[in-house]
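See structure below.
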Amino acid sequence: MSLEIAEVHRYELAGKRVWVAGHRGMVGSAIMRRLKAISCDVLTAERDETDLTRQDAVATWLRDNRPDAVFLAAARVGGIHANNTLPARFLYENLMIEANVLHAAHEAGVEKLLFLGSSCIYPRGVEQPMHESSLLTGPLEPTNQWYAVAKIAGVKMCQAYRREYGCDFISVMPTNLYGPGDNFDPEFGHVPAALLRRFHEAKERGDTEVVVWGTGTPRREFMHVDDLADGCIFLMCRYSGEEPVNVGIGEDVTISEFAAMIAQIVGYEGQIVFDRTRPDGVPRKLLDVSRMEALGWTSKIALGDGLRRYYQWFQENRDALRF
Ligand code: GFB
């Protein structure tokens, strides 16, 4: 379906049965919060009852619960170290979840499904900002190729099920995210959570030095997860097309600048040192968000505001966080 046709597409979530797969994760829980503004019937599946890596469990859950719409936010995710050291888990679990949920959604007659991909699906050396059309035009970043291959398979499954069965399955490619429900593990989390915690604890202890991985020169685009959730609801209701849609804020910063912003928000005044034995990953990741803007949606949470909200949430929920 062309973007021109997609622009007039309308899908109402009100009155529908809506399954948020992965509702306890950072993205899934943000979608749950955003859905409170819509009078729909939100469905969830608990991990200990329905293992999404098991085909029979997923098919049974969909047959029994019959959702009209699905947000597929369930995934194994993690930062650069997790991606680099757990390749089998990232590839296997993500492939299984996608294959099981997408196929069972087709069999159960789901009306609309939104699949969450990632900006790391685009090739490492690709022109910046990264347009959706650069998918599969070059080699992937080695540190997260396993996750990227799984997410590319998910995008392709959505396209294949559209073509062969006429399923209204769409794909969204979010940029790097931060927000409530983030993983604050210092080794396995993404850079926003790792640095927020590290700077906060350094300030509490009165440390004079905080270590940031890599050279500090890579550029990343960071988006508050509530902003993404709003974009996902928008796309669910307004977009129907085969092409994935990038969602980002349209601006990036160096890791060094990002660390300085977090230090300032936390109130840490010591030194920042770079551990060059740690990987940098891809040199730059900035999404071209022109397709999303042409559809009529733009990001609403600027980086500074989003990080202040993030730190406030972290302080309010610090005791309940598992680390
Ligand atoms: O967020 P992050 O782990 O993932 O790291 P990617 C981003 C950058 O931050 C890298 C630097 O250049 C890291 O070297 N960095 C600095 C740190 N200090 C730290 C730290 O304490 N922890 C972490 N984690 N990084 C991910 C992919 O890539 O992007 C995922 O691995 C996913 O698959 C995600 O797609 C969006 O941006 O490099």
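Close amide-amide hydrogen proximity is noted between ILE170 and LEU113, LEU114, PHE115, each under 5 Å apart and 5 or more residues distant or on a separate chain (H modeled in the peptide plane; Pro and chain starts excluded).
If only the Cβ of Lys and Arg carry +1 and only the Cβ of Asp and Glu carry -1, the dipole of the range 1-133 around its Cα centre is close to 360 debye. Taking the charge dipole of the range 228-308 about its Cα centre, with +1 at Lys and Arg Cβ atoms and -1 at Asp and Glu Cβ atoms, the residue from GLY304, VAL266, LEU287 reaching farthest to the positive side is VAL266.
Applying the Kirkwood pairwise sum to the alpha-carbon positions of the range 115-236 produces a hydrodynamic radius of 16.7 angstrom.
Remark: the range 71-78, residue by residue, has Karplus-estimated 3J(HN,Hα) of 9, 8, 9, 6, 5, 7, 10, x Hz, where x stands for each Gly or Pro and the curve is 6.51 cos²θ - 1.76 cosθ + 1.60 at θ = phi - 60°.
Accessible surface for the range 59-101, divided over its residues, is 40 Å² per residue with a 1.4 Å probe. Here is the list for the range 281-323: trypsin sites (Lys or Arg not before Pro) lying in DSSP coil, each with at most 12 other C-beta atoms within 10 angstrom of its C-beta, are ARG322.
Shown in residue order for the range 254-260 are the 3J(HN,Hα) couplings computed by the Karplus curve 6.51 cos²θ - 1.76 cosθ + 1.60 at θ = phi - 60°: 6, 4, 4, 5, 5, 4, 5 Hz (x for Gly and Pro). Backbone amide hydrogens, once placed in the peptide plane, bring HIS190 within less than 5 Å of GLY79, ASN183, excluding anything fewer than 5 places away on its chain. Once all protein chains are placed together, ASP51 keeps about 60 Å² accessible to a 1.4 angstrom probe. 3J(HN,Hα) along the range 147-155: 5, 4, 4, 5, 5, 5, 4, x, 4 Hz, from the Karplus curve 6.51 cos²θ - 1.76 cosθ + 1.60 with θ = phi - 60°, whole Hz, x for Gly and Pro. Can you list residues whose amide H is under 5 Å from LEU177's amide H, if they're 5+ apart or on another chain and H is modeled 1.01 Å from N? The list, which skips near neighbours in sequence, is MET223.
The angle between the Cα long axis of helix 26-35 and the longest principal axis of the Cα atoms of the chain comes to about 60 degrees, rounded to the nearest 10.
Rounded to the nearest Å, what's the spacing between the alpha carbon centres of the range 241-265 and the range 122-139? Just the number, please. Between the Cα centre of the range 241-265 and that of the range 122-139, the gap is 17 Å.
The values are calculated or read from the model by the stated rules, or taken from the named source; none is laboratory data. Every value quoted in this text rests on a predicted model; they were computed, and no experiment measured them. Every residue, glycine as well, gets a Cβ built from its backbone with ideal geometry; the counts of neighbours run over all protein chains shown. The protein model used for the area step is the full one, side chains on, heavy atoms only, and it has no ligands, DNA or RNA in it. Shrake-Rupley method; radii C 1.70, N 1.55, O 1.52, S 1.80 Å.
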